[in-house]
1. Which numbered condition trips up residue 118, out of (1) under 20 Å from residue 55 (Cα atoms); (2) in a loop (DSSP other than H, G, I, E, B); (3) open to solvent by 60 Å² or more (accessible area, probe 1.4 Å)?
2. Does at least one position in the stretch 84-102 carry a residue that is open to solvent by 50 Å² or more (accessible area, probe 1.4 Å), modelled with pLDDT of 90 or more, within 20 Å of residue 144 (Cα to Cα) and in contact with a helix residue (DSSP H, G or I) (Cβ under 6 Å, 6 or more places away or on another chain)?
3. Looking at the stretch 153-167, is at least one residue under 20 Å from residue 69 (Cβ atoms), touching a residue at least 12 places away in the same chain (Cβ under 8 Å) and touching a Gly at 6+ places or on another chain (Cβ under 8 Å)?
4. Kindly indicate which of 116, 181, 185 is at pLDDT 90 or above and among the small types (Gly, Ala, Ser).
5. Of everything in the stretch 121-150 that's open to solvent by less than 30 Å² (accessible area, probe 1.4 Å) and in a loop (DSSP other than H, G, I, E, B), which residue is nearest to residue 185 (Cα to Cα)?
6. For the stretch 73-100, give me each residue that is assigned to a loop (DSSP other than H, G, I, E, B), farther than 27 Å from residue 136 by Cβ and touching a Leu at 6+ places or on another chain (Cβ under 7 Å).
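The values are calculated or read from the model by the stated rules, or taken from the named source; none is laboratory data. On a predicted model such as this, the values are computed, not experimentally measured, just so you know. Using ideal geometry, Cβ is built from the backbone for each residue, glycine included, and neighbour counts are taken over all protein chains shown. The area values use the complete protein model at the heavy-atom level, side chains included, leaving out ligands, DNA and RNA. Shrake-Rupley method; radii C 1.70, N 1.55, O 1.52, S 1.80 Å.
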Amino acid sequence: MAASGVLLGVAAVGLTTTNVVATWQDPVFGEGASFQAANIGFEISGDGSTYRSGTSASDAVTMTATPATAMLPGTTVYTAVSLRTKTGSSAITVATKATTTAAGLPNRLLYAVVRSSTCTSSAFTDLGNYLVGGVTTDVPLSTALTDFPLQAATATAPGPTASLCFRLRLPDTIEVWTDSSVPGSGPPVWNFEGKKP
């Protein structure tokens, strides 16, 4: 501290006291509080019971279609997916990115989605439940779903389940019948993204 006093004395020549203190004062360090990221996120299930994060293509959840038969033009199948916030998560909004598809059959499929805990044709009669499409309107797979909310979880349990039912249809059109790539197969893929409500 004696050495510091000498430096202060030298530096003070021709300067105001305020300038000397601001320029030559010994450094003082302050440490901020400890910060932690919140546990925000959601889980997805293809069977309504086994949930996982599904954060990569290799961890994708498979939705099982019913009836599970080969699709002819004019065929309609139904498949369900369930989502919920992870334990400790606040409420979030879920959006979908544009669907990615393999060549052939997935590019010809049309779809509609409703919020429903049952996944049959009867789930598509209530106009207020639609996230995409309509009672008689199916859209291309590249059409994203309307954003929908997931309720907050508690500190000890995940949030309430949001059940979605997808209606997939292969149109009975000349374009489908004459498309040589349609006899192929491949899964349509939807990417669900959580974001701030």
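1. The number of the failed condition is (1).
2. no
3. Of all residues in the stretch 153-167, those under 20 Å from residue 69 (Cβ atoms) come to 165-167.
Restricting the remaining residues to those that are touching a residue at least 12 places away in the same chain (Cβ under 8 Å) gives 165-167.
Narrowing further to those that are touching a Gly at 6+ places or on another chain (Cβ under 8 Å): 167.
Within the stretch 153-167, one or more residues are under 20 Å from residue 69 (Cβ atoms), touching a residue at least 12 places away in the same chain (Cβ under 8 Å) and touching a Gly at 6+ places or on another chain (Cβ under 8 Å).
4. Values: 181 fails: at pLDDT 90 or above; 185 fails: at pLDDT 90 or above.
None of the other options fit; the residue is 116.
5. Checked the stretch 121-150; the qualifying residue nearest to residue 185 (Cα to Cα) is 141.
6. 91
A quick yes/no check of all residues on (1) assigned to a strand (DSSP E or B); (2) surrounded by 12 or more Cβ atoms within 10 Å (Cβ to Cβ):
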site	(1), (2)
152	no, yes
156	no, no
159	no, yes
163	yes, yes
167	yes, yes
171	no, yes
179	no, yes
183	no, no
